[in-house]
Amino acid sequence: MASAGGPASIITQVSQGGGVAPLNNLGSVGSDENITLDLRGQRFTLSRDELLTLPEFVLLSLFPNGLLPDGHMNSYHDGDVYPVDYDPNSLQYMLDFFRHVAQTIPASPPSPTAADSASSATANTQQEAVPIEPMTGSARDMLQDRAGIIVLREDLDFYAIPPRRDIEAAEMMEVKRNAGKALLKQDGIFSGLRKSEEPGTTEQHLIEMLTAGGFNHDDKWGHRAGEPNKAVICSIALARLRTDIRGNDLSNNAVGMAQKLLLFWRKPARRCWWEGVELDNVEGVEGKLKIWIRRVWTLEMVCQLMLDCGSLC
């Protein structure tokens, strides 16, 4: 697998064109008013605040040119429906995950007395959890009543090599569709990054950071689907940030790896890999099909408030 940069550049932070500025074009829409979006025929009715809970890179995918065009900032009317070219199942997966996490956040941090009692009660049955330290003061304060969420997206473009010289265009299109079906079955998050078992590689550092932060080595993508009429597969996975690390994880520098994720708080970052692979059992192809794959990973951290607060930070 081709990779750029070294261990110091696990994933490169990039400018995203001014962040969530496009959503400021909502003009006179109040925070408690609803906006209806039509995502490829499926409608979602969300409040302005709930829209702003979405990760920054998702907002920029939903509204690359802003929700309301320039000159129409005050033209929003309740009941208007705005078409958006985005996978509705991907959005639903994110909304369900965020709402579930919000329901698990306690109304207030446990008192020192209660925390001490709980710690004493479990001291003999499990190893004591070690808080992620040292955290910046602001990050620690934020996590007292909020849950950090790791948002990971993969955009996989694939390019199939014609299996023979005399293949017709229509047949080649079918080969590409079948190649996409085969790639969809490869749904392990880290399966595409495990080509090198050598320690210290960029890929290994990235896997260590994400598994220390909240993912597991054998996790699968939460949502994975092909884009209509494109040789592109988009996948997304969410994980709640671990705010403590068990004692037996300390030897792997898990604390430091998880700490690095805080650098991506509301600052989406990207990394790209190119890879040549051979696919087995592709329908309509004798033997193996050679393809080139470009993976683009986007990583971002957001934080979820209590459900009645209704937003991420």
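The table below gives the values:
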{"read-out": "Residue within the range 185-202 that is in contact with a helix residue (DSSP H, G or I) (Cβ under 8 Å, 6 or more places away or on another chain), assigned to a helix (DSSP H, G or I) and in the same structural domain as Lys260 (by TED's automatic domain parsing) present", "value": "yes"}
{"read-out": "Any hit, the range 189-199, residues being under 17 Å from the mean Cα position of the chain (by Cα) and at pLDDT 90 or above", "value": "yes"}
{"read-out": "Qualifying residues in the range 254-269 (those that are among the aliphatic types (A, V, I, L, M) and modelled with pLDDT of 70 or more) - the one surrounded by the fewest Cβ atoms within 10 Å (Cβ to Cβ)", "value": "Leu263"}
{"read-out": "Condition check for Val277: of a type in the set (Val, Ile, Thr), modelled with pLDDT of 90 or more and buried (at least 18 other Cβ atoms within 10 Å of the Cβ)", "value": "no"}
{"read-out": "Neighbours by Cβ (under 7 Å, 6+ apart or cross-chain): first from the range 154-178, within 13 Å of Gly226 (Cβ to Cβ); second surrounded by 14 or more Cβ atoms within 10 Å (Cβ to Cβ) and charged (D, E, K, R)", "value": "Glu154/Arg295; Leu156/Arg295; Asp157/Arg294"}
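The values are calculated or read from the model by the stated rules, or taken from the named source; none is laboratory data. Treat the numbers as computed from the prediction; the structure is a model and nothing was measured. Cβ sites come from the backbone with ideal geometry, for glycine too, and all protein chains shown count toward neighbours.
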